[in-house]
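Here is the structure we will look at.
The values are calculated or read from the model by the stated rules, or taken from the named source; none is laboratory data. Treat the numbers as computed from the prediction; the structure is a model and nothing was measured. Neighbour counts are summed over all protein chains in view; Cβ atoms, including those assigned to glycine, are modelled from backbone coordinates with ideal geometry.
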Amino acid sequence: MSLIHDVGTSALAAIVETVLAHSGIGTASSDDVDLTVMLSLGESARGTFATASRYRLDHLPVVIDEERIRIGPFVQPSQTPCMQCYDRHRTDWDSAWPALATQFGHPTHTIPTPAAVCATTLYVAAAEIAANVIAHCDGHTPPTTGHLVAIGPGHDERTDWPVNFHPACGCALLHVA
């Protein structure tokens, strides 16, 4: 399992690594991993997820978005809905989403700073991320497979919503094949 993160998510990454270490799961940076957890402050470039899917690498996107931490969907390429499914569903109800998506992951002129997320919210999100990783390692279906979870702004605030296969996404075709 590998854990990649940017400067703005380093505190969350450290907590996740600690929780996983207590569970007996280490993180690696080698090419021989079967799961990558991708932490980002703001939306990641969509090419990152496309590359992971192309190499059939299970991945879990985690986004710190202002005061919330969005986890999921847990993607198992050609078996579960992917980030492109999420983007296409989002576009169905927000016509500006594609214009925004082209900007994801591009550096701004400001230096990224750690997110101002409540410490207890970071820990709750780290536990949710770890639950997904542990389920994956144990051969079970991770909790965010086919849906997203948003934690925050308070540690006890949680929103869940489904992410289904989108009929216009290629991963849906791979799923039925």
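If you go through region 149-161 and keep only what is part of a strand (DSSP E or B) and at pLDDT below 95, you end up with just Trp161. The helices (runs of 4 or more DSSP H) found wholly in region 1-95 and carrying at least 1 residues that are within 18 Å of His136 (Cα to Cα) and small (Gly, Ala, Ser) occupy 10-22, 46-54.
Taking only pairs six or more apart or across chains, which ones have beta-carbon atoms under 9 Å, a first residue in region 5-30 that is in contact (Cβ under 8 Å) with a residue 24 or more places away in the chain and over 19 Å from Val124 (Cα atoms), and a second residue that is among the hydrophobic types (A, V, I, L, M, F, W, C) and part of a loop (DSSP other than H, G, I, E, B)? Close Cβ pairs satisfying both conditions: Val7/Ile111; Gly26/Met1; Thr27/Met1; Thr27/Val33; Ala28/Met1.
From the set of residues in region 75-118 that are at pLDDT 75 or above and touching a Gly at 6+ places or on another chain (Cβ under 8 Å), which is nearest to Pro162 (Cα to Cα)? Step by step, filter region 75-118, then rank; the result is Pro81.
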